[in-house]
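Working notes, beginning with the structure itself.
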Amino acid sequence: MKVCQITGKKALVGNNVSHSNKKTKRIFSPNLKTKRFFLEEKDGKSRWITLKVSTRGMRTINKKGLAAALKEAKALGKIY
């Protein structure tokens, strides 16, 4: 499923519009990357986790930190 596990971004539906203004359906997919992150926990159990995140999600992780971003995403129900 093409959903970012941090931001919840998913595919959108729109139209291709030709020069003659003819419209056909298309899908706008999010820019998802499968990336490994190192999760450091306070009790010494650090580990690698793999997430499917959008590039916006990577920026969120860089800004807030991985633990805070995961906690916020879990509270909003975006992690499956």
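The values are calculated or read from the model by the stated rules, or taken from the named source; none is laboratory data. None of these values were measured; they are calculated from a predicted model. In this analysis, Cβ positions are derived from the backbone assuming ideal geometry, glycine residues included, and neighbour counts consider all displayed protein chains. In case anyone asks, the SASA skips ligands and DNA or RNA and just uses the protein heavy atoms, side chains included. Shrake-Rupley method; radii C 1.70, N 1.55, O 1.52, S 1.80 Å.
Below are the figures for this structure:
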| item | result |
| --- | --- |
| Cross-link pairs beyond the 32 Å C-alpha cut-off, checked among 25/78; 2/71; 23/64; 22/78; 2/22; 42/78 | 23/64; 22/78 |
| Relative contact order [Cα under 8 Å, 6+ residues apart], the chain, whole percent | 33 |
| Where region 22-71 is the region considered: accessible area per residue in Å², 1.4 Å probe | 79 |
| Using alpha-carbon coordinates, inclination of helix 55-64 to the longest axis of the chain, degrees | 30 |
| Environment charge of residue 50, counting only residues whose C-beta is closer than 10 Å and scoring Lys/Arg +1, Asp/Glu -1 | +3 |
| Accessible surface of the chain [probe 1.4 Å, protein heavy atoms]: carbon and sulfur percent | 52 |
| Choice from 35, 23, 63 showing the highest fluctuation, given a GNM over the chain with Cα pairs closer than 10 Å | 23 |
| Long-range amide H partners of residue 9 with built H, under 5 Å | 4 |
| Accessible area (Å², 1.4 Å probe, nearest 10) - residue 32 | 40 |
